[in-house]
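The structure appears right after this line, and notes come after that.
Throughout, read-outs are computed from the coordinates displayed, never taken from laboratory work. Here the structure is a predicted model, which is why all the values come from computation and not from measurement. Here the Cβ is made from the backbone with ideal geometry for all residues, glycine too, and neighbour counts use every protein chain on show.
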Amino acid sequence: MITVYSKSQCPNCVRAKDLLSNKGVRFVEIDIEADDEAKVFLVDQGFRSVPQISVDGVFLEGGLAGLTNKSEDFFESHKAG
């Protein structure tokens, strides 16, 4: 399961979600502006920016940059369906 922690008016959040969508990867989005508990969770994890991307409970290093550096095998293994 891939989770994208994001907020509105965040261009890198849009890029991350677009990349996943274009690769056919199913993900859950959590808007930290609408979910105070999620925001506190990210801060408790040491994060100060979004997007933060969690794959099976493990955060990718580098947010969007970490996602864009993933191989095609990564995206294939997380495709919806």
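Antiparallel beta bridges, as assigned by DSSP with both residues in the chain, represent about 60 percent of the total such bridges. The smallest convex shape that holds all Cα atoms of the chain, its convex hull, gives 86 Å³ per residue.
For the peptides 2-10, 21-29, 71-79, residues were scored by their other Cβ atoms within 10 Å and the scores averaged per peptide; the highest-first order is 2-10, 21-29, 71-79. If only the Cβ of Lys and Arg carry +1 and only the Cβ of Asp and Glu carry -1, the dipole of the chain around its Cα centre is close to 260 debye. Say the cut-off is 20 Å between C-alpha atoms; which of Lys7/Lys70; Lys39/Lys70; Lys39/Lys79; Lys23/Lys70 go over it? Pairs exceeding the cut-off: Lys7/Lys70; Lys39/Lys70; Lys39/Lys79.
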